[in-house]
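The values are calculated or read from the model by the stated rules, or taken from the named source; none is laboratory data. Predicted model only: the values in this text are computed from it and were never measured. We place every Cβ from the backbone using ideal geometry, glycine too, and count neighbours over all the protein chains shown. Accessible surface is based on the protein model in full, side chains and every heavy atom, while ligands, DNA and RNA are left aside. Shrake-Rupley method; radii C 1.70, N 1.55, O 1.52, S 1.80 Å.
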2 protein chains.
Amino acid sequence: MYRTHTCGELRLEHKGNQTTLAGWVQTVRKFGAITFVDLRDRYGITQLLFGEAHTKQLDENPLGREFVLQATGIVNERSNKNPNLPTGDIEIIVSEFNILNKSAVPPFTIQDDTDGGDDLRMKYRYLDLRRNAVKKNLELRYAVNRAARNYLHTQGFMDIETPFLIKSTPEGARDFVVPSRMNGGQFYALPQSPQTFKQLLMVSGYDRYYQVVKCFRDEDLRADRQPEFTQIDCEMAFVEQEDILNMFEGMVKHIFKEVKNIDYTEAVPRMTWEDAMWQYGNDKPDIRFDMKLLNLKKPATVYTEKKDDAALINGADFKVFDEVETVLAISVPGCSEYSRKQTDELTEWVKRPQIGMKGLVFIKVNTDGSYKSSVDKFYSEEKLKAIAEAAHAQPGDLILILAGAEERTRKAISELRLEMAERLGLRKKDEYKLVWILDFPLFEYDEEGNRWVARHHPFTSPKPSQIETMIGNNPVIENAAEYLKHPYANIKANAYDMVLNGNEIGGGSIRIYQRELQEKMFAALGMNKEEQLHKFGFLLGAFEYGAPPHGGIAFGFDRLCAILGGSESIRDFIAFPKNNAGRDVMLDAPSTIDEKQLNELQIKLDLKN
Amino acid sequence: MYRTHTCGELRLEHKGNQTTLAGWVQTVRKFGAITFVDLRDRYGITQLLFGEAHTKQLDENPLGREFVLQATGIVNERSNKNPNLPTGDIEIIVSEFNILNKSAVPPFTIQDDTDGGDDLRMKYRYLDLRRNAVKKNLELRYAVNRAARNYLHTQGFMDIETPFLIKSTPEGARDFVVPSRMNGGQFYALPQSPQTFKQLLMVSGYDRYYQVVKCFRDEDLRADRQPEFTQIDCEMAFVEQEDILNMFEGMVKHIFKEVKNIDYTEAVPRMTWEDAMWQYGNDKPDIRFDMKLLNLKKPATVYTEKKDDAALINGADFKVFDEVETVLAISVPGCSEYSRKQTDELTEWVKRPQIGMKGLVFIKVNTDGSYKSSVDKFYSEEKLKAIAEAAHAQPGDLILILAGAEERTRKAISELRLEMAERLGLRKKDEYKLVWILDFPLFEYDEEGNRWVARHHPFTSPKPSQIETMIGNNPVIENAAEYLKHPYANIKANAYDMVLNGNEIGGGSIRIYQRELQEKMFAALGMNKEEQLHKFGFLLGAFEYGAPPHGGIAFGFDRLCAILGGSESIRDFIAFPKNNAGRDVMLDAPSTIDEKQLNELQIKLDLKN
């Protein structure tokens, strides 16, 4: 036994007891003949006191940072207590010690505010993981894992493992593939999710399934994407959308309680996809703050059930507004006194290529009741007032208006909304606001192939009332220019996303469970019968033998942990993450393999450059 | 909401209540105007009664086996109760019903004793999974998972996920590899175990780690091996072997209690590897029964601390015994009256190629005190009696003796011991006997390379007392013929296996945590410095920065579940297993992939035939 206690355990009540600790040397402080050492382990830090008897030994074999030390001694009350440490009332008067292992000087300090840069910390991830900040993240991750599992267990869900070596059925993202040595020329694929397996489990009658499971996508990595990531993956049979929303609202609230001690008692609001896009320009709106969009103008083809406020801007001969598809405004609270320099800076901000706007129109709703805008030439104060009223602007607010093509402009105003909220401190880290987004379009249009693609995935069911529309119509788009008039364009999905503070943390759907409907879906995606059978024959087959109605959801576990940990970066919540080039710089992987391995797998390199 | 209750829930106390159930049609029985349907779901079976009002509807749309049905009605007390069903006291008088989905006639019956063969059941695994027998296995698997997690959590262990896309470092088994599209010509490997990662986590101070995790080995599949399998993987820092044995003995006992309601209170016996081989001919002895080996003869080079009983057989001029390396005996209880036919059959049994013996010698210890053997010509009754006494034979026992080369003979007598126990019903399914096997040799000799290979793995530490032997000697074997005289041949490992009923269910070791010792180990395995750094530079690096003493264990989760479920086959305990050719016959995977995928990965097929 290397220790009797941990470094986070001893208190005044242990005074006089003999103890043995083991851990890492955090600091060494010498005062004449006395040496203080802070000894650290996973549980805390305890001060060791080495007296005169050890001076010679310590001089000959000095202790360095990160040395692994075992020390035995008596718990003593400290004269100089440290109220910031749970163990700060005591110290150990060391009688005996033993250097278990030495350490070279670490390439960066093992502290919350380390001096190590990102690359260095990734290379020496095993040292980075020693830092308290990273440890707290992994502890939080484990707490979320436990809370989710315990909730799901209580609700009768079963953890059932699904396979990792499966069949490649590239739809959407690319598969990682694994050459099979025993079946030359053939490949397994790593799962992008256990989607079809969890559906088969429903067909098999397992009724409530969950898994905390690794998934794999061979995408070009954007910032903060990982080629392997973890999902809390769930599926239920004999349920409607309402059952699922309630069940998983419960799960997330349970996690809040267990992990953050937050009583999230209010009901999670529900918003249609169309409302989210209309009001926030975004299907994952951050509703911690208001600042909703004023839709001043939109093309007739989109959001067909919504009415814009074009009357407020029309007839002013302002070409910019007259010639664009879409004009959108937000009212930013308390910013009416922005200087010319500040509005210019905002204009530059929206003109950056990432946002891609041509300019920015503003209206200052001054506290004295007057209005000042960058379009005074075109709009009378009365008209400005009408716009301000429609935007629910208060005196002192600054109205920002973007104009351009529908899709880009909506995205831009959403970005601007988030940016302004960030600047105003409205995106509070310790405030959590959930919202369900519902009624997504079932399909998106793929221009290149002049066909439909599944917005969620090909297993998502249309709204029950629209199944007939789907079955009864030919999915082929005869006239590409008028694809929006195809009956499929208006089909809504029985799909739902859970959004937390502007991040999608989970998404799912009620699934198709009828073979005919599933075949129609595959056909809409451009798959002929043969392809359907080759790729998904097992699923179509399963639907022949009594598939129950079912649906599910998957939570992005890495992202959920990051948000609960108050961070933007999922990498900080993964023990051994990869960098943006998909490399593990600590392992130096991927790497070349032996010719012998290639031979056995019956493949050859075929490098393009 | 599709149902108010499950099919396993209703009792007499619900009599008169209205209920809605949903599930699968197990059976349909018609009696005149009345139709009885057994409705099945995950939770049980409930009898539905359809009265005259439904006759027409049922005649027009008959219910078939595995139809998915929703039915509403009143809970009624059955006149003809079924005491074998928890719901057997009641039935539902159906007022309304709804066929949620039809089913084709399943290719085999969904019953405990199905008429489906192995291949058919694997192809339609989603139907096989509906069978109660398979469902019970997956439920047991989940219970073991929960019990292990809960125990480890209580003991302060943290579940920390380790990566799946890692570096290929082929040692022992082959890696599955994954071509990297973003790093042309380079490959990831799938982990054979998270070994190095869990050690790094110890270096990082996480001190108690666990994971229930998939591992991958590209081996030629023997019966009952899977290319992907699951481990309960654990590691602890600041521990000695004793700490680990106690901790995981506790875990397995907890699992017994939670899953089987067995109070396994007695201490798990400990046996050295040498004793196990000496007494049972096997390093995973089944100790549910005795029948220990009598070592009548062994070569001087092995089990050097043990003394054989050669005096009992020497000097009889029996060439067979005189000319072989090894002679081993077991005493089989109560079989002295075996007929000639029976002993002949046993002789044939040991001569089969799988066993590979040339013959079988037997001694009947008759109940009347006389002895009868197949070697009466060479051994007097007195000598036979001496052998019988050494074998602890009782009157009525049958002593079986095998002779031949050491390794093969020891293996053969172990097989024979298990076979006889099986025949005698001594391997009881509901009896569980654990044993720790300790002090394995650290190295095995690799004839082909004239070098050492790690018996457990290259990270296993020698016994503390033998570290000096390892550091102080050159691992190179100068004289292949006398490799047993090399100081490394006698080094024992700080390694341990947990054996349950003759199966290894877990194995682990105290790890090397000193760079110098780890380098020496790699060198012994024939790795030069460059290779060491290329493959394991990160680990050697980590050992520079204060690695603590640590050790761990991994349990074969699939196997553990199979044994607790009373089965020989792990496949029955995996939701979607692969067959012996590594194929998923349901998915038809592995399969060919698109030319486009190969192109993107910059690889080509290179088929050898």
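Evaluate the following for A:Gly32: is it at positive phi and either without any contact (Cβ under 8 Å) to a residue 12 or more places away in the chain or not assigned by TED's automatic domain parsing to the domain that holds A:Glu96 (or both)? Criteria met by A:Gly32. Scanning the range A:6-23 for residues that are surrounded by 19 or more Cβ atoms within 10 Å (Cβ to Cβ) and within 21 Å of B:Ser204 (Cβ to Cβ) turns up A:Thr6, A:Cys7, A:Leu21, A:Ala22, A:Gly23. Of all positions in the range B:515-526, at least one carries a residue that is open to solvent by 10 Å² or more (accessible area, probe 1.4 Å), modelled with pLDDT under 95, assigned to a loop (DSSP other than H, G, I, E, B) and of a type in the set (A, V, I, L, M).
Out of the residues in the range A:195-204 that are of a type in the set (S, T, N, Q) and in contact with a His (Cβ under 8 Å, 6 or more places away or on another chain), state the one that is nearest to the other protein chains (Cβ to nearest Cβ). Checked the range A:195-204; the qualifying residue nearest to the other protein chains (Cβ to nearest Cβ) is A:Gln199.
Residues of the range B:450-482 that are closer than 23 Å to B:Ile553 by Cβ and polar (S, T, N, Q): B:Thr460, B:Ser461, B:Ser465, B:Gln466.
Residue-wise test of (1) of a type in the set (S, T, N, Q); (2) modelled with pLDDT under 95; (3) out of contact with any Lys or Arg (no Cβ under 7 Å at 6 or more places or on another chain).
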| position | (1), (2), (3) |
| --- | --- |
| A:Cys215 | no, no, yes |
| A:Asp218 | no, yes, no |
| A:Glu228 | no, no, no |
| A:Gln231 | yes, no, yes |
| A:Cys234 | no, no, yes |
| A:Ala237 | no, no, yes |
| A:Glu240 | no, no, yes |
| A:Asn246 | yes, no, yes |
| A:Gln279 | yes, no, no |
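Among the candidates A:Lys492, A:Lys463, the residue that is within 30 Å of B:Leu21 (Cβ to Cβ), modelled with pLDDT of 95 or more and charged (D, E, K, R) is uniquely A:Lys463. Considering A:Gln192, A:Gln186, the condition of being in contact with a strand residue (DSSP E or B) (Cβ under 7 Å, 6 or more places away or on another chain), within 7 Å of chain B (Cβ to nearest Cβ), open to solvent by 20 Å² or more (accessible area, probe 1.4 Å) and free of Cβ contacts under 8 Å to residues at least 40 places away in the same chain is satisfied by A:Gln186 alone. Would you be able to tell me the number of residues in the range B:558-579 that are out of contact with any helix residue (DSSP H, G or I) (no Cβ under 8 Å at 6 or more places or on another chain) and farther than 17 Å from A:Glu161 by Cα? Residues in the range B:558-579 being out of contact with any helix residue (DSSP H, G or I) (no Cβ under 8 Å at 6 or more places or on another chain) and farther than 17 Å from A:Glu161 by Cα: 2 in total. Among the residues of the range B:562-582, those identified as in a loop (DSSP other than H, G, I, E, B) and more than 7 Å from chain A (Cβ to nearest Cβ) are B:Gly565, B:Gly566, B:Ser567, B:Glu568, B:Ser569, B:Ile574, B:Pro577, B:Lys578, B:Asn579, B:Asn580.
One residue alone among A:Arg423, A:Arg410 is open to solvent by 60 Å² or more (accessible area, probe 1.4 Å) and either in the same structural domain as A:Leu312 (by TED's automatic domain parsing) or at pLDDT 95 or above (or both), and that residue is A:Arg423.
Give the number of residues within the range B:152-175 that are within 7 Å of chain A (Cβ to nearest Cβ), in contact (Cβ under 8 Å) with a residue 40 or more places away in the chain, open to solvent by less than 10 Å² (accessible area, probe 1.4 Å) and part of a loop (DSSP other than H, G, I, E, B). The qualifying residues number 2.
Against the condition under 30 Å from B:Ser103 (Cα atoms) and basic (Lys, Arg), how does A:Lys492 come out, does it pass? Taking the combined requirement at face value, the residue satisfies it. Considering A:Asp218, A:Asp207, the condition of being on the phi > 0 side of the Ramachandran plot, out of contact with any helix residue (DSSP H, G or I) (no Cβ under 8 Å at 6 or more places or on another chain) and within 8 Å of another protein chain (Cβ to nearest Cβ) is satisfied by A:Asp207 alone.
Residues in the range B:355-401 that are in contact (Cβ under 8 Å) with a residue 60 or more places away in the chain, more than 14 Å from B:Leu296 (Cβ to Cβ) and out of contact with any Lys or Arg (no Cβ under 7 Å at 6 or more places or on another chain): B:Ile355, B:Gln394, B:Gly396, B:Asp397.
Entry remark, the range A:554-563: residues being surrounded by fewer than 24 Cβ atoms within 10 Å (Cβ to Cβ) and not charged (D, E, K, R) number 3 in total. Given the residues A:Gly541, A:Gly526, which is the only one that is of a type outside the set (Val, Ile, Thr), more than 33 Å from the chain's Cα centre (by Cα) and assigned by TED's automatic domain parsing to the domain that holds A:Arg451? Only one candidate qualifies: A:Gly541.
The listed residues are A:Lys529, A:Lys492, and the only one of them that is more than 14 Å from chain B (Cβ to nearest Cβ), of a type in the set (Lys, Arg) and within 27 Å of B:Pro590 (Cα to Cα) turns out to be A:Lys529. Answer yes or no as to whether A:Asp309 is more than 18 Å from A:Ala405 (Cβ to Cβ), buried (at least 18 other Cβ atoms within 10 Å of the Cβ) and touching a residue at least 40 places away in the same chain (Cβ under 8 Å). Judged against the criteria, A:Asp309 is a match. Report yes if B:Ala237 is open to solvent by 10 Å² or more (accessible area, probe 1.4 Å) and of a type in the set (A, V, I, L, M), otherwise no. In short, no. In the range A:256-267 there is no residue matching the filter, namely being modelled with pLDDT of 95 or more, surrounded by fewer than 20 Cβ atoms within 10 Å (Cβ to Cβ), closer than 24 Å to A:His550 by Cβ and within 14 Å of chain B (Cβ to nearest Cβ). Within the range A:355-372, the set of residues being open to solvent by 80 Å² or more (accessible area, probe 1.4 Å) and in contact with a helix residue (DSSP H, G or I) (Cβ under 8 Å, 6 or more places away or on another chain) comprises A:Lys358 only.
Yes/no per residue for (1) open to solvent by 40 Å² or more (accessible area, probe 1.4 Å); (2) out of contact with any strand residue (DSSP E or B) (no Cβ under 7 Å at 6 or more places or on another chain); (3) under 29 Å from B:Gln226 (Cβ atoms):
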residue: B:Asn474; (1), (2), (3): yes, yes, no
residue: B:Tyr483; (1), (2), (3): yes, no, no
residue: B:Phe543; (1), (2), (3): no, yes, no
residue: B:Glu568; (1), (2), (3): yes, yes, yes
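The single residue among A:Glu274, A:Glu266 that is over 19 Å from the mean Cα position of the chain (by Cα) and in a loop (DSSP other than H, G, I, E, B) turns out to be A:Glu266. Scanning the range B:326-342 for residues that are over 22 Å from B:Phe289 (Cα atoms) and surrounded by 18 or more Cβ atoms within 10 Å (Cβ to Cβ) gives a single hit, B:Thr326.
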